[in-house]
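Please treat every number below as a calculation from the coordinates, not as lab data. In this text, all values refer to a predicted model and were calculated from it rather than measured experimentally. Positions of Cβ are backbone-derived with ideal geometry, glycine not excepted, and every protein chain shown enters the neighbour counts.
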Ligand code: UQ8
């Protein structure tokens with residue numbers, strides 16, 4: 001009898017502190033960073049793999065929206081982009097501020113982007129033309145995200161987080177490596193020289209031209225975070 005009673009009590013306790021929405025993920029006090037950081041870490045892979053029951057698309061591998069920009073003399077576009085790596089991210093810190101209604105999350109990961117690129121103009125100092133496949137491999141990208149939100153109640157009085165806007169910083173820390181087909185209409189000497197140049201100057205290139213790619217990916221994630229938080233009340237994912 002005693003054993004069964006203990007079992008039932010522990011079942012109730014487990015149900016209380018674990019999150020049914022994201023199995024195995026602790027329900028933390030929102031401002032408890034020491035609890036939230038590992039909770040986000042646990043949730044990240046399943047979130048990024050997609051949660052169809054909450055309207056969250058598959059984000060790793062992500063089918064990116066088309067990217068096109070004209071920056072510092074470079075005209076560049078990427079179609080059928082695929083971003084890989086988000087589900088392997090390491091969550092470094094999660095900080096919820098109830099007063100300011102902000103959530104900051106920093107995380108890092110290796111990632112890759114593949115797709116069809118078209119480039120013309122000038123990159124840093126060199127003229128470029130190309131139209132082919134791009135493979136970009138990045139090591140240790142650090143992302144610092146700041147999200148603002150409001151809290152809204154539904155007709156039953158249940159409270160939801162409604163993200164309103166976000167901003168981010170990113171830093172490709174350890175390396176970026178380009179492979180590009182069909183540079184300079186396939187001229188091997190010019191292509192090899194350009195690839196060498198890109199791969200030697202990866203840091204400056206990531207600073208100068210990286211943001212539109214990160215913007216595109218972050219928009220898709222943000223859209224899905226909003227959908228997710230519309231589908232689950234705060235008290236279903238945290239102690240609130
Ligand atoms: C010629 C030639 C080729 C020229 C090249 C030119 C060129 C293009 C150069 C670029 C070179 C280069 C090196 C570029 C770098 C590009 C990079 C760095 C790409 C990386 C892309 C990337 C990873 C983007 C992500 C960006 C980002 C800011 C993401 C954050 C988005 C948001 C809004 C996150 C919200 C946090 C989140 C996931 C919440 C969901 C959530 C979870 C998971 C949860 O567990 C939980 O409960 C515990 C919640 O509830 C409260 C949640 O909300």
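Would you confirm, using the coordinates I've provided, whether residue 89 is in contact with a strand residue (DSSP E or B) (Cβ under 9 Å, 6 or more places away or on another chain) and closer than 15 Å to residue 239 by Cβ? No; evaluated as a whole, the condition is false for this residue. The numbered conditions (1) out of contact with any helix residue (DSSP H, G or I) (no Cβ under 7 Å at 6 or more places or on another chain); (2) in a strand (DSSP E or B); (3) near the ligand (Cβ under 10 Å from one of its atoms); (4) farther than 18 Å from residue 216 by Cβ are all true for residue 105 except (1). Residue-level check: of (1) closer than 30 Å to residue 139 by Cβ; (2) more than 8 Å from the ligand (Cβ to nearest atom); (3) touching a helix residue (DSSP H, G or I) at 6+ places or on another chain (Cβ under 9 Å), residue 203 misses just (3).
Criterion first (surrounded by fewer than 14 Cβ atoms within 10 Å (Cβ to Cβ), more than 21 Å from residue 228 (Cα to Cα) and more than 11 Å from the ligand (Cβ to nearest atom)) does residue 97 satisfy it? When the stated conditions are applied, residue 97 does not pass them. Among residues of the stretch 76-90 being surrounded by 19 or more Cβ atoms within 10 Å (Cβ to Cβ) and within 11 Å of the chain's Cα centre (by Cα), the one that is nearest to residue 50 (Cα to Cα) is 86.
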